[in-house]
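Working notes for the structure below.
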Amino acid sequence: KQWKSIIKKTGSGNEKDFKLAVIEADDFLYATLDDRGFKGETFEELLSATGKRMLPNYQEILDAHTVRNSIVFNPDYKLDIEQAKRMLAGYETAIKNIAVG
């Protein structure tokens, strides 16, 4: 349900909404990792704790998290909407893998 709310934001096609969706997707993945009991002080450590089998798109998520940080810390960061769609698909895959793993 929360995932649908995140994706719904992208319906406008507005870059600002895509930025918000990426930030929320990253937060949702972090919460999912935490809820599943993975340990780590940082997002990167939590990701590493999953292992490659559970998270085959590890590098893709790490790259998306870097973009997320750019969005958060640089208000002038330009996000390509096609890139954002790929990132959101990657987050969705990761969340599903972790939820069933």
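The values are calculated or read from the model by the stated rules, or taken from the named source; none is laboratory data. Not measured: the values here are computed from a predicted model. A quick note on method: Cβ atoms are made from the backbone with ideal geometry, for glycine too, and the neighbour counts reach across all protein chains shown. The protein model used for the area step is the full one, side chains on, heavy atoms only, and it has no ligands, DNA or RNA in it. Shrake-Rupley method; radii C 1.70, N 1.55, O 1.52, S 1.80 Å.
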Yes/no for V100 being among the β-branched types (V, I, T), at negative phi and more than 12 Å from the chain's Cα centre (by Cα): yes
Looking at (1) of a type in the set (A, V, I, L, M, F, W, C); (2) assigned to a loop (DSSP other than H, G, I, E, B); (3) open to solvent by 40 Å² or more (accessible area, probe 1.4 Å), which one does I7 not meet, given that it meets all the others? (2)
Within the range 81-100, the residues that are of a type in the set (S, T, Y) and either open to solvent by 50 Å² or more (accessible area, probe 1.4 Å) or free of Cβ contacts under 8 Å to residues at least 24 places away in the same chain (or both) are T93
Name, by its number, the condition in (1) open to solvent by 70 Å² or more (accessible area, probe 1.4 Å); (2) touching a Leu at 6+ places or on another chain (Cβ under 8 Å) that does not hold for K78. (2)
Say we look at the range 14-52 and pick out the residues that are of a type in the set (K, R) and outside any helix (DSSP H, G or I); which of these is surrounded by the most Cβ atoms within 10 Å (Cβ to Cβ)? R36
Residues satisfying the stated conditions in the range 1-58, i.e. of a type in the set (S, T, Y) and either in contact (Cβ under 8 Å) with a residue 40 or more places away in the chain or within 19 Å of A99 (Cβ to Cβ) (or both): S5, T10, Y30, T32, S48, T50, Y58
Scanning the range 53-65 residue by residue, those under 10 Å from the mean Cα position of the chain (by Cα) and either over 17 Å from D27 (Cβ atoms) or open to solvent by 40 Å² or more (accessible area, probe 1.4 Å) (or both) turn out to be E60, D63
Which is over 14 Å from R68 (Cβ atoms) and not polar (S, T, N, Q), of F43, F38, F28? F38
